[in-house]
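The values are calculated or read from the model by the stated rules, or taken from the named source; none is laboratory data. Note that this is a predicted model, so its numbers are computed, not measured. Neighbour counts run over all protein chains shown; Cβ positions are idealised from the backbone, glycine included. When the accessible area is computed, the model is the full protein with side chains, heavy atoms only, and any ligands, DNA or RNA have been set aside. Shrake-Rupley method; radii C 1.70, N 1.55, O 1.52, S 1.80 Å.
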Amino acid sequence: MVIKATPITLEQLKRKEIEASQLEVNGLGEAREVSARAAVEARAVEARAVEARAVEARALEARALEARALEARALEARAALARA
């Protein structure tokens, strides 16, 4: 098999190098953009997790208040029975 080489001028070689470096820069830019989007999404997920923990804490507080109210009603009922 014979490979024929085509002559290339210095100017063509420079253009090819510039094109290759531009492609590389574009690739790096896209990678940074994807990375930035992933970071934003990760922060959004973390924010939703924090919000979920806050909701869980409020629910726990509500259950504790309900338990104290039930305990107070039980004490009132015992006091009423003791008076009767």
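With charges only on Cβ, +1 for K and R and -1 for D and E, what is the dipole size of the stretch 1-56 about its Cα centre, in debye, rounded to 20?
On the way: 9 positive and 10 negative charges, 49 e Å.
My answer is approximately 240 debye.
How far, in nm, would the chain grow between Arg43 and Thr6 when pulled straight, counting 0.36 nm per residue and subtracting the alpha carbon separation? The partial results should precede the final answer.
Numbers: separation 37, 0.36 × 37 = 13.32 nm, distance 5.33 nm.
Full-extension gain reported as 8.0 nm.
On the accessible surface of the stretch 26-84, probed at 1.4 Å, how many percent belong to carbon and sulfur atoms? The partial results should precede the final answer.
On the way: 3210 of 5140 Å².
Carbon-and-sulfur percentage of accessible area, whole number: 62.
Tell me, in nm to one decimal, what length is gained between Val50 and Arg32 on full extension, where the rule is 0.36 nm per residue of separation less the Cα-Cα distance? Walk me through the intermediate numbers first.
Working: separation 18, 0.36 × 18 = 6.48 nm, distance 2.67 nm.
Extending this stretch completely gives an extra 3.8 nm.
Taking the inverse of the average 1/r across all pairs of different Cα atoms in the chain, what Kirkwood radius in Å do you get? Kindly include the intermediate steps, with their values, before the conclusion.
Working: mean 1/r = 0.0492 Å⁻¹.
Its Kirkwood hydrodynamic radius stands at 20.3 Å.
Counting other C-beta atoms within 10 Å, and keeping those with at most 12, which DSSP coil trypsin sites (Lys or Arg not before Pro) do you find in the chain?
Values: sites: Lys4, Lys14, Arg15, Lys16, Arg32, Arg37, Arg43, Arg48, Arg53, Arg58, Arg63, Arg68, Arg73, Arg78, Arg83; in loops: Lys4.
Loop-located and lightly packed - Lys4.
Suppose all protein chains stay in the model; what accessible area per residue would a 1.4 Å probe give for the chain, in Å²?
94 Å²
Net charge within 14 Å of Ile8 by Cβ-Cβ distance, Lys/Arg positive one each and Asp/Glu negative one each, not counting Ile8 itself? Write out the running numbers ahead of the final one.
Numbers: positive: Lys4, Lys14, Arg15, Lys16; negative: Glu11, Glu17, Glu19.
Once positives and negatives cancel, what remains is +1.
Against the longest alpha carbon principal axis of the chain, how many degrees, from 0 to 90 and to the nearest 10, is the axis of helix 10-83 turned?
Approximately 0 degrees, to the nearest 10.
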